[in-house]
1. Angle between the Cα long axis of helix 270-287 and the longest principal axis of the chain, 0 to 90 degrees, nearest 10?
2. Tilt of helix 189-200 relative to the longest C-alpha principal axis of the chain, in degrees (0 to 90, nearest 10)?
3. Could you please state how large a percent of the accessible area of the chain is carbon and sulfur, counting protein chains only and using a 1.4 Å probe?
4. Roughly how much of Arg581 is accessible, in Å² to the nearest 10, using a 1.4 Å probe?
5. Give me the accessible area of Arg95, 1.4 Å probe, in Å² rounded to the nearest 10.
6. Which order do peptides 188-200, 775-787, 687-699, 453-465 fall in by mean Cβ count within 10 Å, highest first?
7. For the range 401-450 and the range 139-156, what is the separation of their Cα centres, given in Å?
8. How much of the DSSP beta bridge set in the range 592-740 is antiparallel, as a percent to the nearest 5?
Amino acid sequence: MASGLALAPLNGEVAFAAGAVAVLAVGLLAPRLAVLSSALLLAGCGLGEVRLAAIDAPAQRVRDGAPVETRVYVLGHPRPAPFGASLEVEVNAGRLGGARLLARVPRWVRLPRDVPIGGEIAVRGSLRELRSRDGEGFDFAAHLRRRGVAGELLLDHARATGRRRGGLAGAVDRLRVPAENAVAAGMGSAEAALLRGMVLGQDESIPEPVREDWRDSGLAHLLAVSGQNVMLLVALALPALAAAGLGIRGRAAALLALIALYVPLAGAGPSLQRAGVMGAAGIAALAASRPSSRTYALLLAAAATLALNPRACGDPAWQLSFAAVAGIVWIAPPLSRALREALSALAREEIAGARPLGLAFRGLADGAALTVAATLATGPLLGHHFGSVPLAGLPANLLALPAVAPAMWLGMIKAALGQAVALGSPLGAVAVVAAGALGAPAGACVSYLGWLAERFAGLPGGQLELPLDTPLAVLVAYAAIVAAVAGVRRAAGPLAPRAEEAAGRWRRLPPARKLAVALIAAAILALIAAPALAPPRPPGSLTVRFLDVGQGDATLVQHPDGTAILFDGGPPEAGVERLLREAGVTRLALVVATHASRDHHGGLPAVLERFPVDLLLDGGDGTRDPGFREVLATARDRGVRTLQGRAPLSLRAGGLSLHLLWPPPRPPGPPPEDPNPRAVVAIVSSGAFDLFLSADAESETLAPLPLPEVDVMKVPHHGSADTGLPDVLEELRPELAAIEVGPNTYGHPAPSTLAALREAGVRTYRTDRHGTVTLTVEDGRMSVATSP
């Protein structure tokens with residue numbers, strides 16, 4: 001049945017050929033099952049065709065450019081993007097009723113604030129069909145089709161209606177809001193975003209660089225709500241249900257109800273659907289006193305998830321989830337037994353004499369077996385979809401073991417406390433306090449996991465490049481793994497007596513000598529691991545980093561005395577705080593918010609939360625922009641001193657001096673609509689070195705200023721077209737220039753700007769091509785390093 005459902009998205013000839021081969025194979029192995037197998041396979045194909053027709057029906061009503069004005073339900077939180085945001089919605093009125101659309105929200109369209117998932121908004125815009133574009137490395141249109149999205153909605157206007165969807169989905173929505181608030185209570189924004197991802201599957205607030213760290217370190221599965229969550233939920237609930245005096249069937253019914261509630265509450269993604277079906281099958285077998293089979297449960301989960309959406313098998317998350325569980329089912333048990341036997345042979349007396357030590361050894365063996373099995377089973381797929389396999393995942397997951405369960409359990413308890421808030425005082429007030437109090441230990445666990453992800457993501461040799469471009473290459477890789485496992489098992493037989501002899505010699509050693517050997521081995525491992533896992537040290541020379549934050553600005557200046565100054569923080573999704581940690585920043589003497597623009601100030605609230613900051617220079621010019629006001633509010637909450645960025649002004653921080661050239665005080669009245677011309681223009685100096693920074697202020701602003709000669713400049717406004725730039729370059733005479741720019745639709749950097757820089761003989765770097773540009777000044781000489 002699962003095979004037939006998986007074949008449904010293929011064309012008829014391929015499905016028939018694959019079905020014939022499968023039926024022939026079954027017929028050769030078990031003739032009596034051949035007829036039943038063929039019937040089920042054909043039934044799966046037929047059911048899949050019906051489901052696909054139902055899923056694709058709304059897409060037939062989407063027409064490019066067609067204007068639409070309707071009402072929709074919000075299906076998720078907005079995901080930030082370089083030029084706005086996106087979110088999935090479901091149309092609940094008109095000819096498109098029931099269609100799922102991806103709403104594209106440009107910067108100039110303001111979404112209603114605080115609209116929860118399931119809330120209704122009235123929208124106006126135009127439709128766009130899903131089309132795969134030639135030359136795309138990732139087929140985003142196919143990805144959306146697999147999610148059941150019928151088309152895109154380009155929003156022109158949106159307003160909240162105050163209504164919400166009803167029914168069972170509406171009931172789950174009403175539970176989700178207090179759960180979200182409670183999970184985040186008592187935690188910083190970064191830790192709260194990670195815990196919401198781990199417990200509720202809401203990862204839209206996690207910056208992409210942080211996601212990449214978790215992927216590269218092999219810890220990404222913790223951010224994808226999956227079978228681990230269901231297992232931990234059952235483990236958390238069972239003692240409470242037993243204490244309540246429920247029998248086996250009562251406990252089973254309560255657990256099934258919990259799983260049925262948790263799966264939609266946490267987003268019902270492919271891996272969670274699989275986990276829910278497998279967990280329900282295991283609990284049902286327990287309640288019915290029937291033998292349970294993880295293989296049967298896995299296939300049942302495949303059939304159930306594909307019956308909902310036959311295209312799900314093309315989704316990388318679905319493939320990786322099932323591959324990981326298959327590895328855990330078939331590879332992990334024998335591997336775990338082998339590791340337990342090895343540890344028992346080495347430390348039999350110690351395990352027998354100290355139960356906690358024995359439990360620790362068994363936990364270590366099981367954790368290592370699960371990680372190795374999942375890595376082997378998913379490696380070829382990871383290579384196919386992402387081009388590499390995180391070898392650092394084994395040590396990272398072993399070190400993460402002590403924190404994963406506590407973080408998940410604390411998050412789940414906080415989510416449950418959130419439901420008590422709806423009961424009102426006094427119970428609701430107690431729940432609010434309790435959820436906040438649990439924020440500190442939960443935040444500590446999540447911070448530890450984040451530290452592991454950050455450290456292991458950049459571990460030398462932590463990634464195995466494995467570009468498996470075709471399905472055939474994936475099959476060959478899996479065949480190689482099977483052959484290698486068989487070879488290891490065959491070779492292990494002759495070596496077993498020698499291993500047992502070596503273990504016997506170890507056991508006969510005096511306890512003091514064994515302890516000494518263990519301590520020496522631990523010390524050697526610590527010496528090897530310490531340099532790789534130690535946080536980066538600040539540079540020993542004057543260093544300027546033009547940080548790669550995409551289409552935005554963030555410039556870091558570091559003096560060898562430890563002083564660090566940050567100009568702007570890029571957009572919020574860039575995760576500039578991670579780049580600062582990688583640069584060895586532990587404290588910022590000065591943060592300059594040059595002007596109110598999301599691609600400049602958006603990342604500063606996270607910076608102010610994560611780092612001690614001595615002074616914030618406010619270049620907002622009295623703006624009413626809510627994002628910039630959040631910067632100022634965060635500074636107040638963190639006790640950061642704030643100073644208006646008005647010229648003339650000179651500041652000194654350690655070995656760095658700052659001279660503001662612009663803007664002068666503004667006359668009374670509302671702030672200007674365009675903040676760029678009044679952005680902070682400054683020169684940062686250290687000894688004979690001068691750096692010119694002008695944010696988005698162009699030649700119209702710069703030309704009248706007394707511009708001195710400098711060594712380095714940041715090109716204004718991401719390299720936009722500026723007819724007066726040659727005159728500015730004539731005044732500044734820089735040796736080197738950097739353009740902070742990312743993928744954009746504005747045409748930045750403009751050809752005329754690049755031509756002016758070439759004509760002036762200025763060596764130019766740009767972050768969209770060179771990544772973070774690091775300039776080092778030592779003994780009066782400048783050197784540049786890039787990280788594309």
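The values are calculated or read from the model by the stated rules, or taken from the named source; none is laboratory data. Model, not experiment: these values are computed from the prediction. Neighbour counts are summed over all protein chains in view; Cβ atoms, including those assigned to glycine, are modelled from backbone coordinates with ideal geometry. Remember, those area values only see protein heavy atoms, side chains included, never the ligands or the DNA or RNA. Shrake-Rupley method; radii C 1.70, N 1.55, O 1.52, S 1.80 Å.
1. Around 30 degrees separate the two axes.
2. 20 degrees
3. It is 62 percent, rounded to a whole number.
4. For Arg581, the solvent-accessible surface is approximately 60 Å².
5. 140 Å²
6. Output ranking for 188-200, 775-787, 687-699, 453-465: 188-200, 687-699, 453-465, 775-787.
7. 35 Å
8. Roughly 60 percent of the beta bridges in the range 592-740 run antiparallel, per DSSP.
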